[in-house]
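Step one of this worksheet: look at the structure below.
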Amino acid sequence: MSEREKKLLGMFAAAGVILFCLWGYKSYVNKSLEIKANRAAAETTLRDAELYLKSRDDVQDEIDWLAEHEPEPQASEQVPTKLQQLASSEATRASMTVKKMDILDTPPAEETAANRYGVAQVKFTVTGEEKNLYAWFDRMHSPDDFRVISEIVMSPNKEEDSLIDCIVTFDQWFVPLPPEL
């Protein structure tokens, strides 16, 4: 091999080494950026997981309470009637005069399909003494039974000063039965 061929071969080898080094450096930089991005994503995921865990710990008592008190599934047609009967019997027990009772319309099933619970509402118009009214409210408002008073409108009775006219709305949350297939 001639001296020129040796120099040419040396230049090709040097160029190959330089190209290999550039390729290696570029690969190193790309891999380093990928590792940094993966690390940042992992740190973000870790922070999010720690926040979720902390928020779960904050509501764990509520989760446990709900698991203990959640009602059995019921037919959505029966719940308003049962609520109305309960409120009516409790009003009679509290010596209230029931003037009017209505079952309020529930939202269509399509609107509430994403919700775990359904809600039934009944509205009562009653007249009675203040202490009896509060006793009735106390018996009817029962968060442990998923039942609350959502609206109260009180006014003095026009005929007798010792009585109060009241319009009250009771809400009852329930777990609907799964749809029949």
How far is helix 78-93 tilted off the main Cα axis of the chain, in degrees rounded to 10, range 0 to 90?
40 degrees
Pairs of lysines in segment 1-148 (C-alpha under 16 Å apart; 8 or more residues apart or interchain)
4
Please compute the modelled spin-label separation between Ile167 and Ile152, points set 7 Å along Cα→Cβ, answer in nm with one decimal.
1.7 nm
May I ask for the angle, rounded to the nearest 10°, between helix 3-69 and the longest principal axis of the chain, with both axes built from Cα atoms and the value confined to 0 to 90°?
10 degrees
What value, in deg cm²/dmol to 500, does the helix sum -39500 (n - 2.57) over DSSP H runs of n ≥ 4 give at 222 nm once divided by the residues of the chain?
-19000 deg cm²/dmol
Where does each of Phe137, Phe12 land when they are ranked from fewest to most other beta-carbon atoms within 10 angstrom?
Phe12, Phe137
Sort the following peptides by mean Cβ neighbour count (other Cβ atoms within 10 Å, averaged over residues), highest first: 84-95, 118-129, 40-51.
118-129, 84-95, 40-51
Ratio of alpha-carbon Rg to the 2.2 N^0.38 Å globular estimate for the chain, to two decimals, please.
2.28
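Each reported figure results from applying straightforward, stated rules to the coordinates on display, with no laboratory input. Quick caveat: nothing in here was measured; it's all calculated off a predicted structure. For neighbour counting, all protein chains shown are included, and Cβ atoms are generated from backbone atoms with ideal geometry for every residue, glycine included.
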